[in-house]
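The values are calculated or read from the model by the stated rules, or taken from the named source; none is laboratory data. Computed from a predicted model, the values in this text were never measured in an experiment. Cβ: placed from backbone, ideal geometry, glycine included. Neighbour counts: every protein chain shown.
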């Protein structure tokens, strides 16, 4: 068990303090109570503080919940085919219209990953001096969001920037019962294990949970940050919360499923550990009150047109609204309904967020499927999102290069990032090695995991914003020191991670394949012999520069890689755990975490952007030949 983390009020293990707080003035909560203290070290046996007033009773109490998850700062679409789509303002209009039409208790909830994925991330900067705004939290506050939960991507730029964003821009509580021991986030101030919201006389318990598999612990800026078991948190907390509320919403940023599970963005089984099914199993026997899990993290579309029995686990419905603002979920709960498998849910659906396409004229057959001016809250967009957009638009729409080749397009890279040679990632590795060398760092070669990219460099004019969409993860560059023997072991592990020819017909390569397959700069070359199975796959003929690795015994090498990879790649398992992604036999993976590493302070994608802007043109001559570095036999 982790050590007890005393709250600011000195609460002891097994005790939580119930503290009145101000709800978001633009939201739907009449009264708000926050729980302070440690929900991990011991079961909660005592709650200090005056309990919230009794509810209005089950005969008339009804609750509506709007929910979204994994928005990743996609407040509006500024690039691509759906440019001009006002995603969050569409949500705000629907929520405000619902709140105005009746007196039903109505909550508006985010289930985490409110950061990393769009140009609005750049307003955060890279340190507290560069901070301009936390765009997501600022807009959520104005839009009436009542609560959010800490997702794994909240920590991408470090907990110091996260704490600044919360304190400056979040007018709503942020929850996590299993995050603890941060050097910068203050429990009881910046986040809380749970809350009680009173709306229209109904007492609603809210518990936040964060994935322990993908959250970035071990970063230099917060070495003490830890994430405990979400199941332990529920077992400790729910029995104490249950008598104080009429219904419980578990806000789970842990993923749909449990263990190694395939859903949502995953193209194969993905390690999510203790997740929604595990949480439901733990929660079910602890309360007879209506309880449901509103989920996130795996980008799974659940219950789009009503509750499906297959998504009810141990009597607890699990809901999720995919990702990136594609849907807004809605749930209605009627406490007067008899107990049943859906625990009071009378309605559930996902409202599609309409993409913008002004070429679709009135009268066209599909006209209503696209966004038009009446589909979003124009006044809200103008007052709260447009000012943020104007602050970054000039920079992000700046043309950094002209692309005269389609070899780096995502239609090729989508599969190549998992199957061997990917010219786009090879280009990126070469650029990083060159940039570090120019900056005075000693580097022998570079490595990048294939899932680092989610788009390609397309022919035509390339803007900075379009480049940032290729690699949305804001990783710093780390230089890892390893021996020749460790290089060999890494490449042997890599041979087992490749997507094999016999697997390709059944794998959606546009999705996330969590195998952690690595690509390298031109300075390292080798061959992978596939054999008859992943267990037999091996790497050989390894050369660094013009010298065979076999003749380099005792020599150390300096290898550049993203911080995510150097820290073990979490669910992609460069952390010594068995390789995931449905590799038969689950062979053990190599553990990068113990290797000595140096943080350069340079940002991976920013360095590549700088190179692209300096050369100004990308053509066929810019594209590396894959045969120079990897042959798959």
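Which of (1) assigned to a loop (DSSP other than H, G, I, E, B); (2) in contact with a helix residue (DSSP H, G or I) (Cβ under 9 Å, 6 or more places away or on another chain); (3) without any contact (Cβ under 8 Å) to a residue 60 or more places away in the chain does residue 129 not meet, given it meets every other one?
(2)
For segment 365-417, which positions are under 26 Å from the mean Cα position of the chain (by Cα), surrounded by fewer than 13 Cβ atoms within 10 Å (Cβ to Cβ) and over 22 Å from residue 81 (Cβ atoms)?
Once the filter is applied, which keeps residues that are under 26 Å from the mean Cα position of the chain (by Cα), surrounded by fewer than 13 Cβ atoms within 10 Å (Cβ to Cβ) and over 22 Å from residue 81 (Cβ atoms), segment 365-417 yields 387, 390, 395.
Residue under question is residue 442, and the condition is that it be more than 25 Å from the chain's Cα centre (by Cα), in contact (Cβ under 8 Å) with a residue 24 or more places away in the chain and in the same structural domain as residue 508 (by TED's automatic domain parsing); does it hold?
yes
Just the residues that are at pLDDT 95 or above and assigned to a loop (DSSP other than H, G, I, E, B), please, taken from segment 315-332.
If the condition is that a residue be at pLDDT 95 or above and assigned to a loop (DSSP other than H, G, I, E, B), then 320, 322, 323, 324, 325, 326 are the ones that fit.
Please go through segment 61-92 and give me each residue that is at pLDDT 95 or above and outside any loop (DSSP other than H, G, I, E, B), ordered by number.
64, 65, 66, 67, 68, 87, 88, 89, 90, 91, 92 - these are the residues of segment 61-92 that are at pLDDT 95 or above and outside any loop (DSSP other than H, G, I, E, B).
Might you check whether a residue that is within 30 Å of residue 402 (Cα to Cα) and either under 25 Å from the mean Cα position of the chain (by Cα) or buried (at least 18 other Cβ atoms within 10 Å of the Cβ) (or both) occurs anywhere in segment 532-551?
No, because not a single residue in segment 532-551 is within 30 Å of residue 402 (Cα to Cα) and either under 25 Å from the mean Cα position of the chain (by Cα) or buried (at least 18 other Cβ atoms within 10 Å of the Cβ) (or both).
Where residues in segment 366-390 are in a helix (DSSP H, G or I) and in contact with a helix residue (DSSP H, G or I) (Cβ under 7 Å, 6 or more places away or on another chain), which of them is farthest from residue 142 (Cα to Cα)?
Taking segment 366-390 as the starting set, the residues that turn out to be in a helix (DSSP H, G or I) are 367-369, 373-375, 378-390.
Filter again for in contact with a helix residue (DSSP H, G or I) (Cβ under 7 Å, 6 or more places away or on another chain), leaving 375, 380-381, 384-385, 388.
On the way: 375: 18, 380: 8, 381: 10, 384: 7, 385: 10, 388: 13 Å.
Restricting to residues being in a helix (DSSP H, G or I) and in contact with a helix residue (DSSP H, G or I) (Cβ under 7 Å, 6 or more places away or on another chain), the top hit is 375.
For the subset of segment 504-531 comprising residues that are without any contact (Cβ under 8 Å) to a residue 24 or more places away in the chain and assigned to a helix (DSSP H, G or I), which member is surrounded by the most Cβ atoms within 10 Å (Cβ to Cβ)?
This residue is 506.
Just need a number here: residues in segment 105-116 that are surrounded by 24 or more Cβ atoms within 10 Å (Cβ to Cβ) and assigned to a loop (DSSP other than H, G, I, E, B).
Going through segment 105-116 one residue at a time, the tally reaches 5.
From (1) closer than 25 Å to residue 330 by Cα; (2) modelled with pLDDT under 95, pick out the condition that doesn't hold for residue 120.
Condition (1) is where residue 120 drops out.
Could we say that residue 280 is buried (at least 22 other Cβ atoms within 10 Å of the Cβ), under 19 Å from residue 31 (Cα atoms) and over 16 Å from the mean Cα position of the chain (by Cα) here?
Values: buried (at least 22 other Cβ atoms within 10 Å of the Cβ): yes; under 19 Å from residue 31 (Cα atoms): no; over 16 Å from the mean Cα position of the chain (by Cα): yes.
Answer is no for this residue.
For segment 201-216, give me the residue count where each residue is crowded, with 19+ Cβ neighbours inside 10 Å and out of contact with any helix residue (DSSP H, G or I) (no Cβ under 8 Å at 6 or more places or on another chain).
4
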